[in-house]
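Below is one structure; the comments refer to it alone.
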Amino acid sequence: MDQIALPPVPAHTLDPRKFQDVACTVAGDRRAQVALTALETLWFNTGTLCNLTCQRCYIESSPRNDLLAYLTRDEVRAYLDEIARDRLPTRMIGFTGGEPFMNPDIMPMLADVLERGLDAIVLTNAMKPMTHHRNELLKLQARHGNRLTIRVSLDHHTQAVHEAERGTRTWQPTIDGLVWLARNGFAVHVAGRHFTSETDAELRAGYALLFAALDVPVDAFDPVQLMLFPEMDATRDVPEITDSCWGILKKSPDSVMCASARMVVKRKDAAAPAVLACTLLPYDPRFEMGATLAEASGAVALNHPHCAAFCVLGGASCSRG
C-alpha cells in the first residue's frame, strides 16, 4: 500500500515564559496542583528500547534509544513489596515502554504481579516481541484470566495512516497479534490516536467496522476498551492550568492521572529506579519524586504543556478504568 503523509504538526507558538514557575503561571495566578488521593495504578516503564521507530513517539522509543534502561524483576518486586508492606490501595500494575515484551524479565514480572492478586496491563504493538512469548502468555491467561489485559497500539483504523506513523509492513503483524489475542480469550484493549481531522465519533465508527471485520470483541464506543489519545506537542501553545480552572472547566483534580497513578523508570547508568509523577514525562527531572512510593506521594504541580493539553483539556488517561 502506498504511504501517506501525516498532517503537519501545528505551528510552534508556545510562550517560552510559560510552565517555568512551579507555583505561579506567567500571568501570576496560582498554578494548579494535584494531590495523590490514592495510588490506584503503578506503571513500570520497562525500558525505551523498541522494535519500531515511530514518527511521533512521545518517548522517542526506537531500537537504539536506551535512555531508560530495562527494569529487572528484583527492582519491580521491591515496589510490589512496598505496596504490600504499606497496604497501599494499588490494584493495577501497568507495563509500558518502549516495547515491554523486549524486556528479558517481562514474563516473570507479569507472573509476580498476578500471583500477588493484582491486575496487570501491558501496552504493546503486538508484533514479534510479543508473539515470542505466546506460550507463556497462554499459561498466564489460563491461570489468571481477565486480570491480565493486553492493550494493543493501533494508531488508526486504516493501514495507510497507521503505517504513516509506524512504518511500512507494520500493520499486518499488529493485526495478526490482535486477532491472536482475541481468539485465545485475552482481555484486549486498543489504543488509537487523533492523527486525522476525523471527529472522535468518526474514528470510533471506523474502528468499530475494523473490529467487526476481524471478529475482535473490542467495543469501539467504550472509551476504556478503545482509548483515543490526543496528540502531544510540548511546543504548541496551550493555556496554563490555574486553581480557578477546575471550577471553570467543571473538572475535579481527582480525575487527572497523577491523582491516582505514578510511574517507575530506571535511567541509563542510574544506580536505582526513580518514581515519576506521570507516564507522559519520563525525561523531565522536575517530575521525578523520589526512589520510593512513599517519597512520591506528594502533590504534583501541573507545570508542563502535557498537563494541560493531554490530561486536563484533552481528558486523556493511561489507566484502564
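Considering only residues of region 157-198 that are modelled with pLDDT of 95 or more, part of a loop (DSSP other than H, G, I, E, B) and β-branched (Val, Ile, Thr), which is nearest to residue 228 (Cα to Cα)?
158
Looking only at strands (runs of 3 or more DSSP E) that lie completely in region 206-314, which have at least 3 residues being over 30 Å from residue 176 (Cβ atoms)?
Correct list: 261-265, 274-276, 288-290.
Take the conditions in contact with a helix residue (DSSP H, G or I) (Cβ under 9 Å, 6 or more places away or on another chain) and in contact (Cβ under 8 Å) with a residue 12 or more places away in the chain and apply them to residue 161. Does it pass?
no
List the residue pairs whose Cβ atoms are under 6 Å apart, where the first residue sits in region 25-43 and is under 28 Å from residue 71 (Cβ atoms) and touching a residue at least 24 places away in the same chain (Cβ under 8 Å), the second is assigned to a loop (DSSP other than H, G, I, E, B) and among the β-branched types (Val, Ile, Thr), and the two are 6 or more positions apart or on different chains.
That search, which allows pairs on different chains as well, returns 34/256; 39/90; 42/90; 43/279.
Of the residues that sit in region 297-306 and are modelled with pLDDT of 90 or more and farther than 14 Å from residue 261 by Cα, which one is surrounded by the fewest Cβ atoms within 10 Å (Cβ to Cβ)?
Ranking the candidates gives 301 first.
Rundown of residues vs (1) buried (at least 23 other Cβ atoms within 10 Å of the Cβ); (2) touching a residue at least 24 places away in the same chain (Cβ under 8 Å); (3) within 25 Å of residue 219 (Cα to Cα), yes/no style:
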residue	(1), (2), (3)
108	no, yes, no
113	yes, yes, no
119	no, yes, yes
130	yes, yes, yes
134	no, yes, yes
139	no, no, no
144	no, yes, yes
149	no, yes, yes
154	yes, yes, yes
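Considering 294, 234, which residue is in contact with a helix residue (DSSP H, G or I) (Cβ under 6 Å, 6 or more places away or on another chain) and surrounded by fewer than 21 Cβ atoms within 10 Å (Cβ to Cβ)?
It is 234.
The values are calculated or read from the model by the stated rules, or taken from the named source; none is laboratory data. Just so it is clear, the model here is predicted, and its values are computed rather than measured. Note that each Cβ is placed from the backbone with ideal geometry, even for glycine, and that neighbours are counted across all protein chains shown.
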